[in-house]
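Below is one structure, written out as C-alpha cells; the observations come after it.
Values in this text are rule-based calculations from the coordinates and carry no lab data. Source: prediction; values computed, not measured. Note that we place each Cβ from the backbone using ideal geometry, even for glycine, and neighbour counts take in every protein chain shown.
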2 protein chains.
Amino acid sequence: MQLTSEKRRAMPIPMFPCFVTLLVFGFSSLASAETHHLHWEVSYMFASPDCQEKLVMAINGQFPGPTIHAKAGDTVVVELKNSLPTEGVVIHWHGIKQIGTPWADGTALISQCPIKPDETFVYKFQADKAGTYFYHGHYGMQRAAGLYGLLIVDVKEGEKEKIKYDGEINMLLSDWYHQDIYTQMVGLSSKPFRWIGEPQSLLINGGGQFNCSLATNQGINKCNMENMQCAPMVLQVLPNKTYRLRIISTTSLSSLNLAIGNHKMTIVEADGNYVDPFTVDDMDIYSGESYSALITTDQHVSSNHWISVGVRGRQPKTPPALAILSYLNNNSQYQLELPKATPPITPLWNDYAHSKSFSYKILAAKDTPKPPKRADRLIQLLNTQNKIDGFIKWSLNNVSMVLPPTPYLGSLRYSLKGAFDQKKPRDWFGANYNVMKPPINPNTTTGSNLYEIKFNSTVDIILQNANALAENVSEIHPWHLHGHDFWVLGYGEGLFRKKDVSRFNLKNAPLRNTAVIFPYGWTAIRFVADNPGVWAFHCHIEPHLHMGMGVILAEGIELVKEIPKDAISCGKTAKMLMNNHG
Amino acid sequence: MQLTSEKRRAMPIPMFPCFVTLLVFGFSSLASAETHHLHWEVSYMFASPDCQEKLVMAINGQFPGPTIHAKAGDTVVVELKNSLPTEGVVIHWHGIKQIGTPWADGTALISQCPIKPDETFVYKFQADKAGTYFYHGHYGMQRAAGLYGLLIVDVKEGEKEKIKYDGEINMLLSDWYHQDIYTQMVGLSSKPFRWIGEPQSLLINGGGQFNCSLATNQGINKCNMENMQCAPMVLQVLPNKTYRLRIISTTSLSSLNLAIGNHKMTIVEADGNYVDPFTVDDMDIYSGESYSALITTDQHVSSNHWISVGVRGRQPKTPPALAILSYLNNNSQYQLELPKATPPITPLWNDYAHSKSFSYKILAAKDTPKPPKRADRLIQLLNTQNKIDGFIKWSLNNVSMVLPPTPYLGSLRYSLKGAFDQKKPRDWFGANYNVMKPPINPNTTTGSNLYEIKFNSTVDIILQNANALAENVSEIHPWHLHGHDFWVLGYGEGLFRKKDVSRFNLKNAPLRNTAVIFPYGWTAIRFVADNPGVWAFHCHIEPHLHMGMGVILAEGIELVKEIPKDAISCGKTAKMLMNNHG
C-alpha cells in the first residue's frame, strides 16, 4: 500500500499522532490493466485541512482528489462530472504531454470550453512516460480552492525501474488560504489592488496545522496537536531500506524547501525525467515541480525524525508544515513520541545562493535525449509587473495575457475569424530595458500573447526577470510549459545577452516541464515544437497567472485531428457547429 | 428625479444623514422612446451595504443594479455580458409575462442556458403592463448575492395613470447575509444540514445597518450612524403632497412589515395590478411581492418620521431596517435631526392574524378582469419538508424539484428524448395526509415536477401548507408564478376540501404573480394557461427553492416560435444544434 492522502484519511487511526504503514516494497500494487476508467465528480464540500473549516473543491468527496496510478503507455479515461452549482470546471494533467489529444490538456479557454454544471466531459489520454505527475484545476483560481491530486506513472509492465528503492512515499505539498478564491480573484482585479497575502498554512497531502509554530522555537503547546484531523502526518518506515519520496508542489503562491532531520536526500527525478543523482540536506521545490528523492533509513531502529517544509523567496509569514518519519523497532512497534530533536530549520527565505546552488545541480541523467544543437527561433520574454488604468498586472514583453471566450484550440483549428485579439506578440522587448529598475513607464495593455510556432522547429525561450513595480523587488517565477518537456540550457544574472548563448549547456541539460527564474536573472529553455496543439506557458503561481503572466504557443494546428464537440461547445466554435442547423 | 438607489449613491451627500431630494411631481422623467437598449455587465465587486464589506454581484458596478424605467408597451433590450470569472448567470424579469418571448424569462435551465463567462445574451421583451416590477438572478442562489434591481413600468404614453400622486419613492427591500452564497448553498445541501440562519441585516435600496438596534429600545449609540455609507436613507418630501411609495421585496428569506411613523398607507397596487384601495398603519410584504402605497404628507412642516421595516413569520434575530421621512420646512430646509419619536414597532413576528388580515384586504380594483367561472383542472400541491438519504428537502406532493442540464423550453420544444426525468407529477397528494403533524414517512424523492398544461385551459392550484419536519412548525411560503398573473381565489385553514371551492372569491379576486400560504393553511389561485412557454412556479424564498420547492408548468409549447440559439446552447439542445455538422 502506498501512502496517499485518501488512504491516510480512510484508515483507522489508532492513536495520536496518526499513523500510516508502508507495506509495499518494490512492486506496484496495480493490476496490469491498460486502460484506467475513472468516474469523477467535482463538488464543494466542507473540510478542515488545517483544522479551520472552509469550502474546498473535492473530487468524489475527497480532498486532495484520488491518486491515479498508471503505467507508462496506459490509457487514462476520466469521466469528469461537474457538480458545482453554477461554475464551470476543467482539470489539467500536469506533466502529461497529451500527444494526439491536445483537447484533453484541461486548460479552460485554451484547450477546451469549461465543463458546464451538471455536464460531463471525458478526458482520455495516454500516460506517455513514467514519472511523478499531478493534476489540478485550470480555470479561474480553482487550483487554489483545492482541486488537485496525484498522478503517478510507473515504468511499463515488464520494464525495469532504473531507480532502486524498497518503498514509496508521496508528499503532495500545497499552501492554503482561509479566504475563498472569489474574494481572492476579485481583490487581484480591483483598484486599489488587494494582494492575497501569504497563505495561512502549508499542507502535506492535504493536511497541515494553522497557527502552529512547532517548527520554530515556541514549542508544541502552540499547536493543535490533539486534533487528529490536522496532526502531523506520520510516515512509517522500516530501518535499513531505501525509500523513494515523490515530492510534488501545487502551491498557489509559495516556493518551498523540504528537509528531513538526520536524513540526506538523493535527487533522482525531476518533473518525470531522471536526473544525474545528487545528494542534499534540503531541497527546494517550486509550484508546478515534482521530484523523486531517495532516502535511506540508516538511523537507529525505534527512532523518529521531523520533516519540515518551509517557505522560500518570500518573507515567510506561514509556519512550516511538518511530518514525522517513524522507524519500526525490533518489537514491531513504531515510535509514538514526538521526535526529541527540534524540526530541521529550512534555509533563510532570501538565501538565493542556496536556491541557485540546488537548481544548478539538476542535470540530465545519462541516456537523456540531448537538445538539438541550435534553435530556429529565439523568443525573449521580459517578465514585468505593470499597470493598466491603475490595475496591477503581470506582462510578457509588455502585454498581459487575457483569455478569449472561445478556446484557442478550436478557433485556430477551424480558422475562425475574430475569435481573439490577433495582434502578434513580440519575440523581443528591446535592448534598452533596465531589468534592475522598476519600469520607467509601467503602463501595459492586454492581449492574447499567442505565439504561432513552426511545427517541428526548435525554439529557445529566454525568461527574463526584472524589477517589479516597487524598487528593489524582483520575485521568483516558476514557469510551466504544457504539452512538452524542455531542456533547461542555463541560468544567468541580470540581462540576457546574445553572447550568453555560448554558455548554454548542450551536454547534460536537464529535461523539465517547469523552470524557475530567480530575481533579476534569466533562464534559458529549449524545446522542439513537435506536438500539434495549443499549449499554455505560464507562471505557475496562481495569482500571477490570474494577473496575466502567461503566453500561448500554437504549433502544428493543421495536424490536430477532429476535436471532440464537447471540448468546443462554447463561444464561436459552438456557433460554427450550430451553423448548419435551424 | 426619482429616488433610486443609484442616484442616491451618485449624489453628493452634503452632511449626515444622507439626503435625497424629490424633484419630480406627477410626470415621468423618461423620454417617450419605445425601445430601451441597455448594455449591462455582471461582475463581482466589494461593497459594504451594511458597513460590513463582502463580495456582491453588481451590474455595471452598481448594487443594487440600475433601475429600468419604461412605459407599458415599450420594448426593453438588455445586452447582458457575464463578467463573472467562472460562473454562469441569468436575469429574471419578475412580473413581466414574456408574451411571445418565453426564452427571455431568465430562468436558468428552465427558459435558457446559463450565460457563460465572457459571453453576452440579449434579453428582449415587452413591458406588457404598467406596474412595479423588479429583476433578479435566477441561477443557484445568485439573487442572494445581490443580483437585483428595479423595473418600473409607467402607463402608456398619453394614457392617464389611474392613481393620483405628486411624487414617487422607490423602496427596494432585501435581506443580507455576510456568509457567501457558495457556503450557503453547500450547507443547505450537506448532511448534517446547515441552515443559513437569519440574515445579518435588512437593506432598503441596498443600504442598511448591521448590528444596529436603533429601532428597538437600545438607542442610537449602538448604530454606526457616522458612516454615511450605511446611514439610514432620508426620503425628502414636501408637505401636503401625495406620494406613491413603490415597495418591493427581493429578500432571500425574510417576510417583512413596513410602518411609517404618523403616516397611514393606502395600498393601491399589488404585483403590477391595481387593487381596491385600503388604508393601513403597517403593511406586510413577502419575497417576490411588490406594492404601491400612497402616503399623504399631512404632518407639520419641518417634521421628520421614522420608517421601520421588521421581520415577520420567523423569530426576528435581524434588527429592523430604518429610513427617515423628512419634510421641507418653510425656509426650504429639511429637518436634520433624527426623529424625536422612537421608530414605529412593526407587529409581533408571530401575529399571523395581523398578517392574514392584511392579505385578506387585498382585493381587485374595479375594471380588473374577473376569473373564469370554473377551472378545467385542479392541482393540489402539498408543501412538505422531507428527507432524501438524510438530506433535508422541500417537496410538492412528495417530490423535490431538481433541474436538468438542458433547459426545458428547448428540450420540450424540440421533443428531445431523455432530457429530463419523465415521471409525471401528481395533481393530488391523497386524502389521508395530516397537514397538522410532521410527515409520518419523511422520505421523498427528486423529480422534474413538470406539469404539462393544456393550452388556454383554466387551472386552479391549491397551495396546501403542512407541518414541517419538526413538531409545531409550519412556515410561510410566498409562491411566485412566472409568465402569468393569477387570481387569488381565497385562503383557508387546515386541509383544503372540495367544498371550499364554494367559498372561492369570483367577484373581486385580486390578480397577483405572488401569493403566500400561511402556516397550516391553504391558498387557492386560478390562472389561464394562455402563454406558450415553460414557466417556473416556486417558493420565492431562495434557500427553499434551492432545496427543491418548486414545479414547472409547460403550456402551448408547440406555439413557441424559434428559440434563439444562444438560449439553448447547452446540454442536449446544443448537441441537437450541432448534429448536422461534422
**Request:** Using the number of other C-beta atoms within 10 angstrom as an exposure proxy, rank B:ASP175, A:ASP276 with the fewest first.
**Result:** A:ASP276, B:ASP175
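Can you give the mean number of other chain Cβ atoms that lie within 10 Å of the Cβ atoms in peptide A:113-119?
On the way: counts 1, 5, 0, 8, 10, 8, 5.
Other-chain Cβ atoms within 10 Å of each residue's Cβ, averaged: 5.
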**Prompt:** With charges only on Cβ, +1 for K and R and -1 for D and E, what is the dipole size of the protein assembly as shown about its Cα centre, in debye, rounded to 20?
**Reply:** 840
**Asked** Can you give the calculated 222 nm mean residue ellipticity of chain A, where each DSSP H run of n ≥ 4 adds -39,500 (n - 2.57) and the sum is split over every residue, rounded to the nearest 500 deg cm²/dmol?
**Response** -2000 deg cm²/dmol
**Fill in**
Here FRET efficiency (C-beta to C-beta, B:LYS499 to B:TRP428, R₀ 25 Å, nearest 0.05) is 0.95
**Prompt:** Of A:THR444, A:PRO478, B:SER415, which is farthest along the charge dipole of the protein assembly as shown in the positive direction, counting Lys and Arg as +1 and Asp and Glu as -1 at C-beta?
**Reply:** B:SER415
**³J(HN,Hα) computed for each position of region A:414-422 - Karplus, 6.51 cos²θ - 1.76 cosθ + 1.60, integer Hz, glycine/proline x** = 9, 6, 7, 7, x, 7, 7, 5, 7
**Item:** Long pairs among A:LYS317/A:LYS437; B:LYS54/B:LYS565; A:LYS241/A:LYS340; A:LYS160/A:LYS561, criterion Cα-Cα beyond 24 Å
**Value:** A:LYS317/A:LYS437; B:LYS54/B:LYS565; A:LYS160/A:LYS561
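To check you understand DSSP bridge types, tell me what percent of the beta bridges within region B:377-576 (both residues inside) are antiparallel, rounded to 5.
70
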**Message:** I'd like the trypsin sites (Lys or Arg not before Pro) in region A:252-357 restricted to DSSP loop residues with at most 11 other Cβ atoms within 10 Å, sorted by number.
**Reply:** A:LYS317, A:LYS340
**Message:** If amide hydrogens are placed 1.01 Å from N in the peptide plane, which non-local residues have theirs closer than 5 Å to the one on B:ALA58?
**Reply:** B:SER43, B:TYR44, B:MET45
**Cut-off under 5 Å, modelled amide H: who pairs with A:LEU403 long-range** = none
**Request:** Give the shape of region B:361-470 as rounded, prolate or oblate, defined through the alpha-carbon gyration tensor: a ≥ b ≥ c are the square roots of its eigenvalues, a/c under 1.5 means rounded, and otherwise the shape is prolate if a/b is larger than b/c and oblate if not.
**Result:** oblate
**Request:** At 7 Å along the Cα-to-beta-carbon direction for both B:ASN211 and B:PHE193, put a label point, then send me their distance in nm to one decimal.
**Result:** 3.0
**Prompt:** Running Debye on region A:299-407 with equal point scatterers at the Cα sites and no solvent, what base-10 log of I(q)/I(0) appears at q = 0.15, 0.22 Å⁻¹?
**Reply:** -1.00, -1.16
**Prompt:** Does anyone have the angle between helix B:352-361 and the longest principal axis of chain B? Alpha-carbon axes, 0 to 90°, nearest 10?
**Reply:** 90
**Prompt:** Using 1/(1 + (r/R0)^6) with R0 = 60 angstrom and r between the beta carbons of B:TYR360 and A:LYS575, what's the FRET efficiency to the nearest 0.05?
**Reply:** 0.65
**Message:** With the alpha-carbon atoms as the only input, what is the per residue convex hull volume for region B:5-361 in Å³?
**Reply:** 142
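If you count, for each residue, the other Cβ atoms within 10 Å and average over each peptide, how do A:367-376, A:195-204 line up from highest to lowest?
Result, highest mean Cβ count within 10 Å first: A:195-204, A:367-376.
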**region A:502-557: trypsin sites (Lys or Arg not before Pro) falling in loop per DSSP and having at most 10 other Cβ within 10 Å** = A:LYS507
**Fill in**
For region A:5-361, percent of DSSP beta bridges that are antiparallel (nearest 5) comes out at 70
**Request:** Per residue of B:85-92, count partner chain C-beta atoms within 10 Å of its C-beta, then hand back the mean as an integer.
**Result:** 6
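Please compute the contact order of region A:418-529 in relative form: average sequence separation of alpha-carbon pairs under 8 Å and at least six residues apart, divided by the residue count, as a percent.
34
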**Request:** Among the aspartates and glutamates, select those whose C-alpha is under 14 Å from the C-alpha of B:LYS575, and discard any that sit fewer than 8 residues away in the same chain.
**Result:** A:GLU119, A:ASP566, B:ASP566
**Request:** Enumerate by residue number the trypsin sites (Lys or Arg not before Pro) in region A:114-157 meeting two conditions: DSSP loop (anything except H, G, I, E, B), and at most 10 other Cβ atoms within 10 Å of the site's Cβ.
**Result:** none
**Chain lengthening between B:ASP376 and B:ASP276 when straightened (0.36 nm per residue, less Cα-Cα)** = 33.2 nm
**Message:** For q values of 0.07, 0.09 Å⁻¹, compute log₁₀ I(q)/I(0) with the Debye formula on a Cα-only model of the protein assembly as shown, without solvent.
**Reply:** -0.73, -1.11
**Prompt:** If you plug each phi of region B:405-410 into the Karplus form 6.51 cos²θ - 1.76 cosθ + 1.60 with θ = phi - 60°, what whole-Hz ³J(HN,Hα) values come out, in order, with x for Gly and Pro?
**Reply:** x, 9, x, 4, 4, x
**Within region B:374-465, percent of DSSP bridges classed antiparallel, to nearest 5** = 40
**Asked** Which of B:MET45, A:MET436, B:MET141 comes first, and how do the rest follow, when ranked by fewest Cβ neighbours within 10 Å?
**Response** A:MET436, B:MET45, B:MET141
**Message:** I need the phi-derived Karplus couplings for region A:560-575: 6.51 cos²θ - 1.76 cosθ + 1.60, θ = phi - 60°, integer Hz, Gly and Pro marked x.
**Reply:** 6, 6, 4, 7, x, 4, 4, 7, 10, 8, 8, x, 6, 5, 4, 4
**Fill in**
So for R0 = 30 Å, FRET eff. of B:GLU161-B:LEU336 from the Cβ-Cβ r, to 0.05, ends up at 0.35
**Request:** Amide H neighbours of B:LYS97 under 5 Å, at least 5 residues apart or on other chains, H built in the peptide plane: list them.
**Result:** B:ASP128
**Item:** For B:SER332, inter-copy label distances in nm, listed shortest first [label point 7 Å out on the Cα-Cβ vector]
**Value:** 9.9
**Prompt:** Exposure proxy check: B:GLU41, B:GLU542 ranked by fewest other beta carbons within 10 Å?
**Reply:** B:GLU41, B:GLU542
